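Worksheet: the structure to be examined is printed underneath.
The values are calculated or read from the model by the stated rules, or taken from the named source; none is laboratory data. What you see is a predicted model; the values in this text were computed from it and never measured. Positions of Cβ are backbone-derived with ideal geometry, glycine not excepted, and every protein chain shown enters the neighbour counts. What goes into the accessible areas is simple: the full protein's heavy atoms, side chains included, and nothing from ligands, DNA or RNA. Shrake-Rupley method; radii C 1.70, N 1.55, O 1.52, S 1.80 Å.
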Amino acid sequence: MLDYVGGNPAANQNPWSSIFKTIAVLRIGTGLLLLTRHAWLAVHGAYAFIWKEQSWDWVKAFADAGLPYPQFTAPAAAIVLGAVAISFTVGFLTRLFAVVFLPVVVLFLIYAQKMHSAQVETAWLYLLITFTLLLFGSGAISLDKLFHIGESWASRPKKRKGGW
């Protein structure tokens, strides 16, 4: 859908030159920021909490927010965050991971507003970007495009019965 902007898409012979004409810039940038700013530390904290039995501030924050079973929901949120960050970065099953990530972002937005957190603006931005990726997919430079994942069934040629 948003693979090309203006001009004739068939005239562009080099797929790497179309990276700035696609949603891939938004997807890759979001994935890298999510990975470096949030997911890396979250997954490492979840690992230390589960296997090394160290304390983790996310469990306390989830408990303070009133979320049920914070010892389970905090590591689950960290794992989802890491999986979504990797998926957005490489463009693999982008729409599926956007669907998985939407409830996490919405819940964080609700609880961040209740606790008057400074991260409310960040949550709104991730929510809008995730919704955009859900609508438009991963773009021209992605594993989804490479393996033809998520292509519309209506755009595929139909087989005719009767031999012609």
remark   = Reported set for segment 47-93 where residues are within 19 Å of R37 (Cβ to Cβ) and among the hydroxyl-bearing types (S, T, Y) is Y47, S87, T89
ask   = Among the listed residues V100, V84, which satisfies the condition of being touching a residue at least 24 places away in the same chain (Cβ under 8 Å) and either closer than 23 Å to L135 by Cα or of a type outside the set (A, V, I, L, M, F, W, C) (or both)?
value = V84
key: Pair list, Cβ under 7 Å, 6 or more apart: segment 109-137 residue on the phi > 0 side of the Ramachandran plot, other residue surrounded by 14 or more Cβ atoms within 10 Å (Cβ to Cβ) and outside any helix (DSSP H, G or I)   = G137/G150
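If we keep just the residues of segment 62-85 that are β-branched (V, I, T) and touching a Phe, Trp or Tyr at 6+ places or on another chain (Cβ under 9 Å), which is surrounded by the most Cβ atoms within 10 Å (Cβ to Cβ)?
Checked segment 62-85; the qualifying residue surrounded by the most Cβ atoms within 10 Å (Cβ to Cβ) is V84.
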Cross-chain or 6+ apart pairs with Cβ under 8 Å, segment 37-50 first and free of Cβ contacts under 8 Å to residues at least 60 places away in the same chain, then open to solvent by 100 Å² or more (accessible area, probe 1.4 Å) and among the small types (G, A, S) = F49/S55
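Could you check segment 1-68 for helices (runs of 4 or more DSSP H) lying wholly inside it with 3 or more residues that are on the phi < 0 side of the Ramachandran plot, modelled with pLDDT of 90 or more and not hydrophobic (A, V, I, L, M, F, W, C)?
On the way: elements: 24-34, 40-51, 57-64.
So the answer is 24-34, 40-51.
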key: Which numbered condition T30 fails, given (1) open to solvent by less than 40 Å² (accessible area, probe 1.4 Å); (2) over 20 Å from Y126 (Cα atoms); (3) among the polar types (S, T, N, Q)   = (2)
